[in-house]
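Bear in mind that the values in this text are calculations on the coordinates, not laboratory data. These numbers come from a predicted model, not from an experiment. Because the Cβ atoms are built from the backbone with ideal geometry, glycine has one as well, and the counts that use them run over all protein chains shown.
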């Protein structure tokens, strides 16, 4: 096929020394139309360099099937071998596509043309095919085929219409049979809040020195309870706004002074990055438990309700 050897080159504009040798060879030397062959590119270069083969955008009469790259390092030089699988779709003597190596050396990058090889592409037909009328012909353009009847089209359209009607009827009957169930009654507020407190206790955030997260979670549970119990927006309120909203409302069972002290200590732990002891965290958790029990009991005694919702 073709064998090209390139001597070592001087440093290019990017400061990269050229290869010691650059060879290209295609095998087999004769292939049939549409039959794959292999282009082997071998580069001997400095060990600090890396050679990567780039695929050209235009391949002409060839189709790119893939490549395999290998490298062998020696004490003074390295050898990179790239095997490119190609397929030709034209007859005669052809020159392989113009591949390019991308060369990288100590932060510099350059490009180097890869050697091209020659391959002979022969027909897949026997030598006497033309005399026997078995020659190759170009692909004929598409032709219009007249339809003698529209019956098949009408049948398909009718079947689709019947299918759509049957589907719509089945959906309508299913909706008629479906019973509308009333939503389940809401779970009592005190039970929802106690379950959230129990989940927080099981996580043992103070035992993991996650005091800031513990007080954020505890404050959020308490604010959600107070807002729902006494009918105001508590989650988005600042601590002064929260205390003022509770002060002007009727809040049976609420220990306001103890709540005020807890709110300030909680803010100190959340925003001032204070680190209370796990024992203090347990005391504050029990305080919120007791607040829920006291206000729930007071609400039930005032309204005669047993569901815990004010």
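Structure notes:
- Answer residue from the stretch 26-38, given it is more than 42 Å from the chain's Cα centre (by Cα) and either touching a residue at least 40 places away in the same chain (Cβ under 8 Å) or closer than 25 Å to residue 49 by Cα (or both) and is surrounded by the most Cβ atoms within 10 Å (Cβ to Cβ) among those: 31
- Lone qualifier among 292, 288 - being more than 44 Å from the chain's Cα centre (by Cα), within 20 Å of residue 228 (Cβ to Cβ) and surrounded by 13 or more Cβ atoms within 10 Å (Cβ to Cβ): 292
- Residue in the stretch 197-215 that is surrounded by the most Cβ atoms within 10 Å (Cβ to Cβ), counting only those that are in contact with a helix residue (DSSP H, G or I) (Cβ under 7 Å, 6 or more places away or on another chain) and farther than 18 Å from residue 261 by Cβ: 206
- Residues in the stretch 225-241 that are under 36 Å from the mean Cα position of the chain (by Cα) and either in contact (Cβ under 8 Å) with a residue 12 or more places away in the chain or surrounded by 14 or more Cβ atoms within 10 Å (Cβ to Cβ) (or both): 1 in all.
- If you go through the stretch 61-87 and pick out every residue that is outside any strand (DSSP E or B) and surrounded by 14 or more Cβ atoms within 10 Å (Cβ to Cβ), you end up with 2.
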